[in-house]
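> Sending over a structure as structure tokens; questions will come in a sec.
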């Protein structure tokens with residue numbers, strides 16, 4: 001008998017415009033029923049990268065409602081509790097500390 005728990009996963013990257021957005025979308029689609037993906041950045045871009053969105057759309061992943069989020073959204077009292085936090089930045093310290 002398996003667990004019915006859905007695990008919340010937060011993907012972090014500095015600008016939350018490509019890698020973390022793509023990871024959020026892919027885990028929400030492929031991990032449906034087991035994982036709920038979120039993404040954020042220390043210095044979010046004004047919007048997701050259009051090439052990332054086009055790639056997701058070309059691969060038939062949903063992109064409606066995506067936006068670049070600040071990780072402060074996940075520190076609020078009403079934010080979902082995360083089971084996993086994964087950095088997908090090319091420089092781990094940038095994603096964690098927010099340094100550019």
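The values are calculated or read from the model by the stated rules, or taken from the named source; none is laboratory data. What you see is a predicted model, and the numbers here were worked out from it, not measured in a lab. Cβ atoms come from the backbone with ideal geometry, glycine included; neighbour counts cover every protein chain shown.
> Would you mention how many residues in region 1-23 are free of Cβ contacts under 8 Å to residues at least 40 places away in the same chain and within 16 Å of residue 65 (Cβ to Cβ)? Quick ask: steps written out before the conclusion?
Narrowing region 1-23 to residues free of Cβ contacts under 8 Å to residues at least 40 places away in the same chain: 1-6, 18, 22.
This time we only want the ones that are within 16 Å of residue 65 (Cβ to Cβ), so: 22.
Qualifying residue count for the region: 1.
> Still on this structure, I have one more. Determine whether residue 72 is over 23 Å from residue 90 (Cβ atoms) and modelled with pLDDT of 95 or more. Quick ask: steps written out before the conclusion?
Values: over 23 Å from residue 90 (Cβ atoms): no; modelled with pLDDT of 95 or more: yes.
For residue 72, the condition - over 23 Å from residue 90 (Cβ atoms) and modelled with pLDDT of 95 or more - is not met.
> Return the residues of region 66-93 that are surrounded by 11 or more Cβ atoms within 10 Å (Cβ to Cβ) and not in a loop (DSSP other than H, G, I, E, B); say none if nothing qualifies.
Residues satisfying the conditions are 70, 71, 72, 73, 74, 84, 85, 86, 87, 92.
> Go through region 1-28 and give me each residue that's in contact with a strand residue (DSSP E or B) (Cβ under 9 Å, 6 or more places away or on another chain) and either assigned to a loop (DSSP other than H, G, I, E, B) or surrounded by fewer than 18 Cβ atoms within 10 Å (Cβ to Cβ) (or both).
Looking only at region 1-28, we keep the residues that are in contact with a strand residue (DSSP E or B) (Cβ under 9 Å, 6 or more places away or on another chain), and these are 6-17, 19-28.
Result: 6, 7, 8, 13, 14, 15, 16, 17, 26, 28.
> Can you work out which of the residues in region 43-65 that are in contact with a helix residue (DSSP H, G or I) (Cβ under 6 Å, 6 or more places away or on another chain) and assigned to a loop (DSSP other than H, G, I, E, B) is nearest to residue 3 (Cα to Cα)?
61
> Next question, about the same structure. Give the number of residues within region 29-42 that are in a loop (DSSP other than H, G, I, E, B) and over 26 Å from residue 3 (Cβ atoms). If you could, list the steps in order and put the result at the bottom.
Going residue by residue through region 29-42, those that are in a loop (DSSP other than H, G, I, E, B) are 31-34, 42.
Pick out the ones that are also over 26 Å from residue 3 (Cβ atoms) and you get 42.
So the count comes out to 1.
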